[in-house]
Structures are given as structure tokens and as C-alpha cells.
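The values are calculated or read from the model by the stated rules, or taken from the named source; none is laboratory data. Source: prediction; values computed, not measured. Glycine gets a Cβ as well: all are built from the backbone with ideal geometry, and neighbour counts include every protein chain shown.
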Amino acid sequence: MSEEEWDPVIETHLKGTFTVFRAAAPIFREQKSGSMVSFTSGAFAGSVAQANYSAAKGGIVSLTRSAAVGMYKYGVTANVIAPVAKSRMSGQVPMELKMGEPEDVAPMVAWLVGPDSRHVTGQIYTVNGGHIAVWDQPHEVRAMDKDGRWSVEEISARFDEVGQERMGMIDRLEAMAKAAAAGDKPNS
């Protein structure tokens, strides 16, 4: 991927979200209330062929979570929605995907900016038709400790203590490849 392919996607999605948040923040801070709602996509979890889009959408998640912690003391909330809805872009996906309509997302946006959600901030939601889900928040899963600096050999000897968390996207790609090899529709 060239920088000419990278830059406009980052500028459109991530910088576009930043500029809206930057404009709203001083107003919300002064009035001591407000709700920021941004939009990402499932690509924030990783993408096979669109690293630029995935990075921008992941950046939106991090930007929104940063706004949530930075604006919390001013009574401002910030949440992000990853809608799964039909669009010109999703219509180009070469596989069958279950997705709702754009109108299905509006009630969640309205709720997030309404009075009943004043306690909700820093969250990632998916809206797909009648399905609303909250995504797991980043947190430490396991750790290993020692006094002083680690050596490469020590890490190697004890790595199983901390291990890794398997990416769900890799599991999904493997399932899709298996389904495609069997002649099934991978996403149905």
C-alpha cells in the first residue's frame, strides 16, 4: 500500500472524527454536558485487505475512548458505534453478510445522546438490525513479573505465563476458508 492510498483514508475517517470532537469539546466542557458519538466499523478489529481503513477505524475507537476519559470530569460522554447496515460500500462486499438497515442504527444514536445514557461512556457498540452488542474493553489479561529487566532468554523460558490471546478475526478467517472450500457461503 502506498502513502497515497494510506493518507486519504486516515484523513477522511480518523481526522474527520477528530475535527468534529475538537469542535464540540470546548462547547461541551463549558456547558458541563454533552454526548459525543462516533462511528467505526468491524474493521477496527483487523482487516485482511484494508489496513488503512482498519487503522483509521481502530483509531476512532481509541480517540473516542480517550475523549471519554478526558471529558468525563466535565460531564461529557463519548461512545462509538460500529453499525452493520446496508450501504454502497457494504454492497460491494463479495460475500453474503447479515446486516440491517441504516435506520436501525438511529435509535441507538438517539439513546446515547439522550438523558437515560448519562452514565454510559467509553463504550463500543454494534448495531445490526435488531441486534445490539457491547464489545469487550481492552484490559490486562495475564502478566508475568520479575525484579529488574528481562533478558530475551528469560522471556523465552517463561513466555507461557503471559502467552497470547488469539485474535477472533483469525478464527473467523479460518472458518470462512473452511466454508468456502466446502462450497458453503462463509458468512451465512
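Arg142 passes every criterion in (1) at pLDDT below 90; (2) out of contact with any Gly (no Cβ under 7 Å at 6 or more places or on another chain); (3) assigned to a loop (DSSP other than H, G, I, E, B) apart from (2).
Output the number of residues of the stretch 58-107 satisfying the condition of being of a type in the set (A, V, I, L, M) and at pLDDT below 90. Full working, then the answer.
Our first condition is that a residue be of a type in the set (A, V, I, L, M); within the stretch 58-107, this holds for 60-61, 63, 67-69, 71, 76, 78, 80-82, 84-85, 89, 93, 95, 97, 99, 105-106.
Next, only the ones that are at pLDDT below 90 stay: 84-85, 89, 93, 95, 97, 99.
Total satisfying the criteria: 7.
For the structure I just gave you, tell me whether Lys178 is in contact (Cβ under 8 Å) with a residue 40 or more places away in the chain, farther than 23 Å from Gly58 by Cα and not in a strand (DSSP E or B). Against the criterion (in contact (Cβ under 8 Å) with a residue 40 or more places away in the chain, farther than 23 Å from Gly58 by Cα and not in a strand (DSSP E or B)), Lys178 does not qualify.
Answer yes or no as to whether Glu30 is farther than 19 Å from Pro8 by Cα, among the acidic types (Asp, Glu) and modelled with pLDDT of 95 or more. If you could, list the steps in order and put the result at the bottom.
On the way: farther than 19 Å from Pro8 by Cα: yes; among the acidic types (Asp, Glu): yes; modelled with pLDDT of 95 or more: yes.
It is true that Glu30 is farther than 19 Å from Pro8 by Cα, among the acidic types (Asp, Glu) and modelled with pLDDT of 95 or more.
Residues in the stretch 17-45 that are buried (at least 17 other Cβ atoms within 10 Å of the Cβ) and farther than 18 Å from Val113 by Cα: Ser41, Gly42, Ala43, Phe44, Ala45.
Go through (1) touching a Leu at 6+ places or on another chain (Cβ under 9 Å); (2) β-branched (Val, Ile, Thr); (3) under 30 Å from Ala180 (Cα atoms) for Ile60 and report which single condition fails. So Ile60 meets the others, but not (3). Count of the stretch 101-115 residues, restricted to those that are β-branched (Val, Ile, Thr) and without any contact (Cβ under 8 Å) to a residue 60 or more places away in the chain, is 1.
Free of Cβ contacts under 8 Å to residues at least 60 places away in the same chain and either under 20 Å from the mean Cα position of the chain (by Cα) or assigned by TED's automatic domain parsing to the domain that holds Gly59 (or both): which single residue out of Gly130, Gly183 fits that description? Give the steps one after another, and end with the answer.
Numbers: Gly183 fails: either under 20 Å from the mean Cα position of the chain (by Cα) or assigned by TED's automatic domain parsing to the domain that holds Gly59 (or both).
From the options Gly130, Gly183, the qualifying one is Gly130.
If you go through the stretch 118-150 and keep only what is surrounded by fewer than 16 Cβ atoms within 10 Å (Cβ to Cβ), small (Gly, Ala, Ser) and under 30 Å from Glu103 (Cα atoms), you end up with Gly129, Gly130, Ala133.
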